[in-house]
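Below is one structure; the comments refer to it alone.
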Ligand SMILES: [Zn+2]
Ligand SMILES: [Zn+2]
């Protein structure tokens with residue numbers, strides 16, 4: 001276990017965090033999930049040297065610290081791409097450490113299902129290098145299967161640290177968009193309609209209670225989610241030129257119930273109604289027709305699509321930066337206002353990997 | 001025997017934080033183990049290495065990749081791809097490389113330069129900090145029967161020394177033991193060393209030779225652990241008393257949540273409901289109280305000490321400064337005296353040799369009118 005000197009509970013924490021995050025930040029910029037890309041950045045930053053110079057009795061404690069830190073990049077709520085980077089970082093650190101015998105990677109029981117889900121997402125998207133590296137770690141018996149990610153000795157933090165997660169690595173909240181989707185709105189407006197009829201049938205037409213019904217409930221809900229999305233986009237300083245005209249006027253446009261129903265019925269909301277059943281079961285199936293040489297569908301909530309490892313091996317490792325920057329996929333919410341068959345196709349991919 | 005005391009047993013044995021980064025909610029150790037085993041393949045926790053060819057073949061088959069692709073994959077992900085120097089140059093991993101750019105290395109260099117400039121010598125405790133554990137890494141028993149079963153759990157338990165309020169440091173003095181899930185709490189008790197178990201009671205100035213046989217562990221055998229609403233009493237010997245009864249009855253009469261009792265010797269760690277990271281209690285010698293914190297629970301690993309016989313395994317022992325003899329200042333104090341005309345202070349501490357030389361003549365005859373009490377130094381266990 002880690003012993004530390006009085007008052008110095010975690011030496012190097014700030015520096016380690018900064019080093020790891022600058023490495024992952026560079027990896028993020030490449031928009032790639034390839035290990036080859038990662039290892040190039042690793043070599044360029046001489047990251048193996050991070051272990052060099054640690055004196056004998058520090059080695060184990062240092063390995064422990066850096067592995068614990070790297071583990072935190074491998075878990076939600078970080079984006080799929082950063083999690084891949086976190087996995088590569090864990091693997092590379094584990095293999096480069098100078099402590100002997102090596103310190104193990106601690107994986108907590110509560111996180112294991114996320115690890116398995118990650119593996120499945122990566123496998124479904126044919127990111128074979130990511131799957132291979134995760135399997136290698138198991139093969140090397142690099143894991144300690146633990147109760148908690150770190151040892152707990154009832155030490156309360158003397159200083160409350162700010163949230164440890166680097167903001168740009170965190171998956172943007174998309175729960176509102178995921179929850180308030182086309183299906184839900186459709187169902188909601190149907191129920192709303194039924195409810196309205198029931199209310200009307202049990203009361204006199206002149207009675208005021210009918211007004212208790214929030215007439216524009218569904219459009220308003222939709223509008224709020226759109227607003228949230230817009231706000232999020234602006235916060236991210238993401239250019240929203242194309243959608244702007246339509247988007248900003250969304251609320252007034254949508255308050256028109258007829259228009260809303262029409263848009264709900266349209267394909268812009270994603271899949272056809274008959275597909276919705278299977279989706280409710282949240283099954284992830286492998287699409288046998290998926291084109292191996294084309295950009296593969298990104299797993300999880302990743303917004304980028306990248307060529308699969310397999311695709312690349314077929315192309316005999318002809319790498320170029322452009323190739324990795326495959327067309328960026330879009331979030332589902334943007335289709336609430338735009339009709340685009342290609343985009344709708346991507347929505348399908350997106351939905352095939354529901355989060356949680 | 002499952003402990004179901006004051007706190008409600010959660011129906012999941014997947015540990016979750018109760019307070020983030022501090023302690024977990026209660027869970028059942030045996031249940032936790034089952035949860036892990038149900039999620040893993042035996043290969044994951046086996047002590048035997050898996051064949052690389054088998055691994056490759058399985059991977060290729062599962063993901064439908066050709067031998068060629070598999071070879072590429074292996075080469076791309078190889079350890080060579082992480083090498084940060086030309087193949088024929090191996091820099092010295094014992095020194096910080098020149099002109100580092102990583103923040104960690106810049107900081108490490110700074111610390112080392114500072115230490116060098118101040119000529120700070122390395123602390124003996126730092127040097128030996130992990131020695132105890134390192135000695136037993138991957139150690140295998142001679143007899144096959146003595147090997148720790150694969151998939152067994154190992155618990156890391158800290159036992160803290162009774163609080164001494166005058167010396168409160170960030171690092172509270174404690175010992176760390178590795179226990180296995182099949183250890184009973186009685187075995188745990190026997191592994192805890194506390195000076196009060198060895199304290200010799202009484203005045204022995206007339207018979208200094210018989211004193212060391214008369215230690216208190218033999219006299220006061222009662223003890224208990226307290227975990228999650230249950231008192232676990234040591235009832236192995238006829239003279240043991242259920243010393244938790246007083247507390248239980250007091251709690252009952254004051255409308256506290258009811259506590260229950262169980263026997264230490266009948267309870268294995270596997271049977272416990274506990275919170276990891278949470279302070280519990282060990283009480284012995286009537287009033288010597290120690291905090292007990294289970295800091296970690298995990299499955300065994302091939303690099304662990306695999307010899308069952310070496311558990312409970314002591315991995316850390318706090319080193320306390322020893323009280324030296326006030327005459328020679330070399331040896332650890334073994335006696336303290338009062339009413340002592342030979343002593344520079346009252347009371348005064350002596351090593352065995354100085355004590356006897358000063359207080360008895362060559363025939364062992366007591367000189368003077370002093371009182372002598374055997375003394376066991378806390379640091380004597382170092
Ligand atoms: Zn004690
Ligand atoms: Zn002496």
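Just so it is clear, none of the values below were taken in a lab; they were calculated from the coordinates. Computed from a predicted structure; not experimentally measured. So basically every Cβ, Gly included, is an ideal-geometry build from the backbone, and we count neighbours across all protein chains shown.
Can you work out the FRET efficiency for the pair residue B:146 and residue B:61, with r the C-beta to C-beta distance and R0 = 35 Å, to the nearest 0.05? Intermediate values should be presented prior to the final figure.
Numbers: r = 38 Å, r/R0 = 1.09.
Given R0 = 35 Å and the Cβ-Cβ separation, E is 0.40.
Only counting other Cβ atoms within 10 Å, I'd like B:41, A:146, B:357 sorted with the fewest neighbours first. Present the calculation step by step, with values, prior to reporting the outcome.
Values: B:41 10, A:146 26, B:357 14.
Ranked by crowding around the Cβ, least crowded first: B:41, B:357, A:146.
Taking each residue of A:10-17 in turn, how many C-beta atoms of other protein chains fall within 10 Å of its C-beta, and what is the average? If you can, show how the numbers build up before the last one.
Values: counts 0, 4, 6, 1, 3, 7, 4, 2.
For peptide A:10-17, the averaged partner shielding equals 3.
Treat the count of other C-beta atoms within 10 Å as a stand-in for reagent exposure and order B:245, A:148, B:70 from fewest to most. Provide the component values of the computation, followed by the final result.
Values: B:245 13, A:148 23, B:70 18.
Ordered by Cβ neighbours within 10 Å, fewest first: B:245, B:70, A:148.
Using R₀ = 45 Å, calculate the FRET efficiency as 1/(1 + (r/R₀)^6) where r is the Cβ-Cβ separation of residue B:363 and residue B:237; round to 0.05.
Numbers: r = 40 Å, r/R0 = 0.90.
Here the calculated transfer efficiency is 0.65.
Please give the peptides B:92-100, B:104-112 ranked by average Cβ packing (other Cβ atoms within 10 Å per residue), highest first, as a rough proxy for protection.
Details: B:92-100: 13.7, B:104-112: 18.4.
Ranking the peptides B:92-100, B:104-112 by packing returns B:104-112, B:92-100.
Can you put B:59, A:27 in order of Cβ neighbours within 10 angstrom, beginning with the fewest? Present the calculation step by step, with values, prior to reporting the outcome.
Numbers: B:59 19, A:27 24.
Going from least to most buried by this count: B:59, A:27.
Could you give the length gained by full extension between residue A:217 and residue A:198, i.e. 0.36 nm per residue of separation minus their alpha carbon distance, to one decimal place?
On the way: separation 19, 0.36 × 19 = 6.84 nm, distance 1.66 nm.
Full extension of this stretch gives 5.2 nm more.
Over all residues in B:14-27, what is the mean tally of Cβ atoms on other chains that come within 10 Å of each residue's Cβ? Walk me through the numbers before you get to the answer.
Working: counts 7, 7, 5, 5, 0, 3, 1, 8, 6, 5, 5, 0, 0, 2.
Rounded to a whole number, the mean comes out at 4.
Going by Cα centres, segment B:68-119 and segment A:39-111 are how many Å apart?
13
Shielding of A:123-132 by partners, i.e. mean partner chain Cβ atoms within 10 Å per residue?
Going residue by residue through A:123-132 and averaging, the value is 3.
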